[in-house]
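Okay, so here's the structure we're looking at.
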Amino acid sequence: LHLRRLPLQQRDLLLSPPPRQRAEGEEGEVTWVLRSSQDPSTVMQTRVCSLCCVSSASSSQPAASCCMHSALGPPLAAQDPAGHQNSMLKGKRVIVTGASSGIGEQMAYHLAKMGSHILITARTEEKLKKVVAQCTHLGAASAHYIAGSMDNLTFAKQVVHKAENLFGGLDMLILNHIGHTYFGYFDGNVDHVRDLLKINFLSYATMTVAALPMLKISNGNIVVVSSVAGKIGLPLTVPYSTTKFALDGFFSSLRMEFIQQKTNVSITLCIISYIDTDSALKTVSGVIQQPAAPKEECALEIIKGGFLRKREVYYQYHATKIPLLLRDWAPEILQSLLLMNYNMDNFQRKEV
Ligand SMILES: NC(=O)C1=CN([C@@H]2O[C@H](COP(=O)(O)OP(=O)(O)OC[C@H]3O[C@@H](n4cnc5c(N)ncnc54)[C@H](OP(=O)(O)O)[C@@H]3O)[C@@H](O)[C@H]2O)C=CC1
Ligand SMILES: C[C@H](CCC(=O)O)[C@H]1CC[C@H]2[C@@H]3C(=O)C[C@@H]4C[C@H](O)CC[C@]4(C)[C@H]3CC[C@]12C
């Protein structure tokens, strides 16, 4: 429970259990009864969203005004255009990188349905134009693109400056792009690791620094798309995994500094499992046994996590959280389980 959202005088309260626990994913509010620990006869009720446990500030205020689940409706609110229109991200100014395809493209469509102002970026102008047209059709407050490569850190800064010129500020920075690499055994090419670090890591840091003044003004959100391969060493992805681990170091450390410095900008690191994007399917199908999760749902979970100012998002939950729990407590068991997931008979080195 986010008790900090309750008025100060109501914080020192004991919570009694809700009348009934709802199943995970079930939408709606749960009423919690709160009793003062000093004076148990002082009772108040508060309504809490059953999905994310964010409390409304008082019993008279509906939970619908306090969290995104109520605003979006059921978990797959993506299928509910009306729900998107009432969203908390309506009118918010958002940058999405790597939005010409895959998860980034799907995030742009969700934001469009929510009525956000969107600036998308990637290298391929033709694809970006199509995504912008679709965003406009879906109801974006405004949709723009800027094409360029993130191996150029000057371009990374230009993207942020374009948002400043277009929107006069920024509420959410979604860092999602990745540069090309290979799915195969490490070939000893350290130059490739360095080049990939520039695209997958240094451009993220550069954009963050450039956007920070605007995000401080808006009390905004930084959303960093990482991978289970950025928390756990997996085979066949050495250069990629290196860049994703770097993101964890940089952003987890920065988050702590923000807390110490009372900088009210949230940082959400997204730990993502295997997703059915064209590039991932093309690269690993036949080798990876587990089914790929849907990119549309993944994109919505990332946006929700950023909006709710979560430290980390785990999607799919079981495919990321369970390996992470095993990582520190039973690393040998995890290692065996992970290796069973790879069918090396079908393996051929592929460019991603
Ligand atoms: N799919 C999966 O299974 C998983 C994905 N993830 C993460 O999710 C995110 C999105 O992945 P996914 O949607 O699969 O990837 P895609 O390959 O579908 O999309 C990558 C995006 O990055 C852009 N891009 C590529 N190179 C550059 C560059 N040099 N400069 C700027 N933009 C570039 C691409 O556009 P263009 O080519 O036009 O530049 C594209 O828009 C990544 O951060 C990835 O690590 C994490 C775990 C699993
Ligand atoms: C197979 C891995 C999951 C292992 C497990 O048991 O949970 C996948 C988890 C992360 C995937 C990679 C990734 O992070 C995205 C890359 C993006 C590219 O588009 C292509 C494929 C990836 C290398 C992808 C491959 C599967 C995972 C390692």
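The values are calculated or read from the model by the stated rules, or taken from the named source; none is laboratory data. This one's a predicted model, so the numbers in the text were calculated from it and none came from an experiment. Cβ atoms come from the backbone with ideal geometry, glycine included; neighbour counts cover every protein chain shown.
Quick notes
- Selection over region 214-246 of residues that are out of contact with any helix residue (DSSP H, G or I) (no Cβ under 9 Å at 6 or more places or on another chain) and either within 16 Å of ligand 2 (Cβ to nearest atom) or not hydroxyl-bearing (Ser, Thr, Tyr) (or both) gives a count of 3.
- TYR109 vs. criteria aromatic (Phe, Trp, Tyr), at pLDDT 95 or above, surrounded by 19 or more Cβ atoms within 10 Å (Cβ to Cβ) and assigned to a helix (DSSP H, G or I): yes
- Residue match in region 304-323 (condition: more than 21 Å from PHE186 (Cβ to Cβ), assigned by TED's automatic domain parsing to the domain that holds TYR182, within 13 Å of ligand 2 (Cβ to nearest atom) and of a type in the set (Val, Ile, Thr)): yes
- Restricting region 310-326 to residues that are charged (D, E, K, R) and surrounded by fewer than 17 Cβ atoms within 10 Å (Cβ to Cβ), the residue that is nearest to VAL94 (Cα to Cα): ARG311
- Residues in region 150-184 that are assigned to a loop (DSSP other than H, G, I, E, B) and either out of contact with any strand residue (DSSP E or B) (no Cβ under 9 Å at 6 or more places or on another chain) or within 16 Å of ligand 2 (Cβ to nearest atom) (or both): MET150, ASP151, ASN152, ASN176, HIS177, ILE178, GLY179, HIS180, THR181, GLY184.
- The listed residues are VAL132, VAL209, and the only one of them that is surrounded by 16 or more Cβ atoms within 10 Å (Cβ to Cβ), in a helix (DSSP H, G or I) and away from ligand 1 (no atom under 11 Å from the Cβ) turns out to be VAL132.
- For region 249-266, the set of residues classified as part of a helix (DSSP H, G or I), charged (D, E, K, R) and over 13 Å from ARG309 (Cβ atoms) consists of GLU257 only.
- The lone exception for THR242 - which of (1) part of a strand (DSSP E or B); (2) more than 9 Å from ligand 1 (Cβ to nearest atom) it fails: (1)
- Matching entry among SER149, SER142 (being at pLDDT 95 or above and within 12 Å of ligand 1 (Cβ to nearest atom)): SER149
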